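Laboratory data are not the source of any read-out in this text; all were calculated from the coordinates shown. Since the structure is predicted, the reported quantities are computational estimates derived from the model, not experimental observations. Every residue, glycine among them, receives a Cβ derived from its backbone with ideal geometry; neighbour counts consider all protein chains shown.
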Amino acid sequence: MLVVPSIDVANGRSRLVYWPGASAGVGSPTDRPDRIAERFVEAGATLIHIVDMDGARAGHPANLEALGRVASRVAVPLQVAGGMEGADNIRLAFAAGATRVVVSMAVADRPELLHECLEVAGDWLAVGLDPRPDRIAAYPWHRPAPPSLVDLAGELVDHGVRRLVLSHGGAVPDLGFLAGLARTIRVELFVAGGSVDLDAIKGLRDAAIAGIILGEPLLSGALDFAKALEAAA
């Protein structure tokens, strides 16, 4: 299972300062996304996840220069989320150096937009879903009743989606549910965030999850990246 460092970018800078040695006063802090990505790649990361915070609010990419600086500094795939909905937005991200994109759950209710995105990104497109039933139920769906996560995932796979990113916020991932979903849905499953420790990472690995995307725990040093890689192996 992959352990994927995530960098939230706002105004060209990381929203969180990277300083895993803060508690011991060792190392040097930085909020430059390119340097953060470089340090993680040097430590063994094979994929970097970047969230364009400004782009998510604006509905289009807003940190392309920062993305380009990351792409010029590391030689691993870059997965970008935030403002990616739409063919032109994806093209801009790819031109800046992205190799994968994540679009929001909104595309599940707009098949024409989803197909537009798939035409550009193909297998390198993922759809981000919130697996918490209350969040799915609260979304303003343009259908008679809210779908279940299983039905929603099945619809997306039928449309050609090959990768899902399940964002848990601060909740603890339901390992049993995720293992069942991984067995029944023909798709790569990534888990983003959530309250996880090394045992949870091992559980996600055993549940056949393709990768876990982690931001603050890795950037702050609360979760040691090397130990996380060992737990996921």
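Tabulated values for the structure
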read-out	value
Test: residue in segment 52-61 that is among the hydrophobic types (A, V, I, L, M, F, W, C), in a helix (DSSP H, G or I) and in contact with a helix residue (DSSP H, G or I) (Cβ under 7 Å, 6 or more places away or on another chain)	no
Qualifying residue in segment 195-211 (condition: within 16 Å of the chain's Cα centre (by Cα), within 22 Å of ALA232 (Cα to Cα) and of a type in the set (D, E, K, R))	no
Cβ pairs under 6 Å, 6+ apart, first in segment 160-186 and surrounded by fewer than 16 Cβ atoms within 10 Å (Cβ to Cβ), second not in a loop (DSSP other than H, G, I, E, B) and not charged (D, E, K, R)	GLY160/LEU118; ARG186/VAL157
Filtered residues of segment 2-40 (kept if under 18 Å from ARG73 (Cα atoms) and of a type in the set (Val, Ile, Thr))	VAL4, ILE7, VAL9, THR30, ILE36
Residue within segment 109-116 that is out of contact with any Pro (no Cβ under 6 Å at 6 or more places or on another chain), in contact (Cβ under 8 Å) with a residue 12 or more places away in the chain and hydrophobic (A, V, I, L, M, F, W, C) present	yes
Matching residues, segment 50-91, being surrounded by 19 or more Cβ atoms within 10 Å (Cβ to Cβ), among the polar types (S, T, N, Q) and farther than 21 Å from PRO111 by Cα	ASN63, GLN79
Search result, residues across segment 13-33 that are farther than 13 Å from ASP224 by Cβ, outside any loop (DSSP other than H, G, I, E, B) and without any contact (Cβ under 8 Å) to a residue 40 or more places away in the chain	THR30, PRO33
